[in-house]
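Heads up, the thing below is written out as C-alpha cells.
The values are calculated or read from the model by the stated rules, or taken from the named source; none is laboratory data. Since the model is a prediction, treat every value here as computed from it, not as a measurement. No Cβ is skipped: glycine too gets one built from the backbone with ideal geometry, and neighbour counts run over all protein chains shown. These accessible areas exclude ligands, DNA and RNA; they are computed on the full protein's heavy atoms, side chains included. Shrake-Rupley method; radii C 1.70, N 1.55, O 1.52, S 1.80 Å.
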Amino acid sequence: MRFDILTIFPLLLDSPLEEGIIRRAVAAGKINVNIHDIRDFALDKHTMTDDRPFGGGEGMVMKPEPIAGSLNFIEEKNPGGRVIFLTPQGKTYTQETAERLATHEHLILLCGRYEGVDERIRANYVDEEISIGDYVLTGGELAAMVLIDSVTRLLPGVLGCEDSAGNDTFSRGLLKNPQYTRPRDYEGYTVPEVLLSGDHAAIAEWRLVTSVRQTLEKRPELLARAVFNKEELQILKRNSLLEAVEKYGNIQ
Ligand code: 6GU
C-alpha cells in the first residue's frame, strides 16, 4: 500500500515510521510512505505556502497553487490515489473508516495547517475529509500518522496472528480484558488466581466477564455492536451480567 503525505513540516513525520510494527511494515515493503514538502511546489521566490484570508480576519490560509502542484506531481507518477484531507471539519475517524481505507492501494494525505486550506483545493481535489476526534490539533500531521498506523496494522501480514486485528476492541464491541505478566506478586499486588490455574474454560470465562464489566463501566455504548454466542450468553447469565448488557446491546 502506498501513502503520499503532503505537509509543510516534513520532519514531523519521520520518527513515527522508524519504530516498531510500522518500521517493520516499511522494511518488508507492506507499506511505502512518501513525504512531500508542499513548500517545494511554491511558485514565488519566497516559497510562500500561506497568505492572509480574503475578507479579512485572523490567521493565514494555505495557498492553492503549491498544494495543487504537489497533488499533480503525485498524480503524474502514480495516478488514481484517493486524496484525504485531514481537518477538524472532517468526518470523525473510526475503526470502520480504517478498515475501509485499508482496502485502497494508494492514499494521499493532505495535512492542513493554520486556519485552513483554500476552499478551491477542498472542493476540487479532495475525495474525503477526516478528523480524528473532537479536539483541535495545530495541524493534520499527527492525524495523518494516526491514520497510517491504524490502517497499516490491518494489512495482511503486518501483525503476528497472535494479536490479529479480528479481536480488536472496536470490531468486537468490547474493551480488552486486563492483562498480567510476571511477577506473580508485584509489591504485594497479586495476579488473579484463575489465570494461574491452567483451567482454560475458567480463564476464558474470566476474560469475558472482566471485558464485559470494563465495557459496562467505561464504554457501555460499544455494547450495541457486541455479538455473543450461546456459551458466552450462558457465562453472562451465570455472572449476572445479562440484564446490564441487554440494556445497551442487541442480544438475540
Ligand atoms: Cl485531522 N486536524 C486538526 N488540525 N485537528 C484535528 C484533526 C485534524 N482531527 C482532530 N483534530
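Things to note:
- Yes/no for Thr169 being open to solvent by 20 Å² or more (accessible area, probe 1.4 Å) and under 16 Å from the mean Cα position of the chain (by Cα): yes
- Lys77 being loosely packed, with under 15 Cβ neighbours inside 10 Å and either without any contact (Cβ under 8 Å) to a residue 24 or more places away in the chain or more than 10 Å from the ligand (Cβ to nearest atom) (or both): yes
- Among residues of the stretch 27-43, those that are over 13 Å from Gly157 (Cβ atoms) and surrounded by 15 or more Cβ atoms within 10 Å (Cβ to Cβ), counted: 8
- Leading residue by the ranking (farthest from the ligand (Cβ to nearest atom)) among those in the stretch 80-96 that are open to solvent by 20 Å² or more (accessible area, probe 1.4 Å) and hydroxyl-bearing (Ser, Thr, Tyr): Thr94
- Single unsatisfied condition, Ser211 versus (1) assigned to a loop (DSSP other than H, G, I, E, B); (2) over 16 Å from the mean Cα position of the chain (by Cα); (3) without any contact (Cβ under 8 Å) to a residue 60 or more places away in the chain: (1)
- Scope the stretch 222-251; condition within 28 Å of the chain's Cα centre (by Cα) and crowded, with 18+ Cβ neighbours inside 10 Å; matching residues: Leu222, Leu223, Ala226, Phe228, Val245, Tyr248, Gly249
- Residues of the stretch 109-123 classified as more than 17 Å from Arg82 (Cβ to Cβ), of a type outside the set (Ser, Thr, Tyr) and either open to solvent by 80 Å² or more (accessible area, probe 1.4 Å) or free of Cβ contacts under 8 Å to residues at least 24 places away in the same chain (or both), total: 3
- A Cβ distance below 6 Å, combined with a sequence gap of six or more or placement on separate chains, defines the contacts here; from the stretch 124-141, residues that are within 18 Å of Gln95 (Cα to Cα) and near the ligand (Cβ under 6 Å from one of its atoms) reach residues that are of a type in the set (S, T, N, Q) and open to solvent by 70 Å² or more (accessible area, probe 1.4 Å) in the pairs Ser131/Thr92.
- Which listed residue, of Gly157, Gly116, is more than 24 Å from Ala25 (Cβ to Cβ) and more than 8 Å from the ligand (Cβ to nearest atom): Gly116
- Leu137 passes every criterion in (1) within 13 Å of the chain's Cα centre (by Cα); (2) open to solvent by 30 Å² or more (accessible area, probe 1.4 Å) apart from (1).
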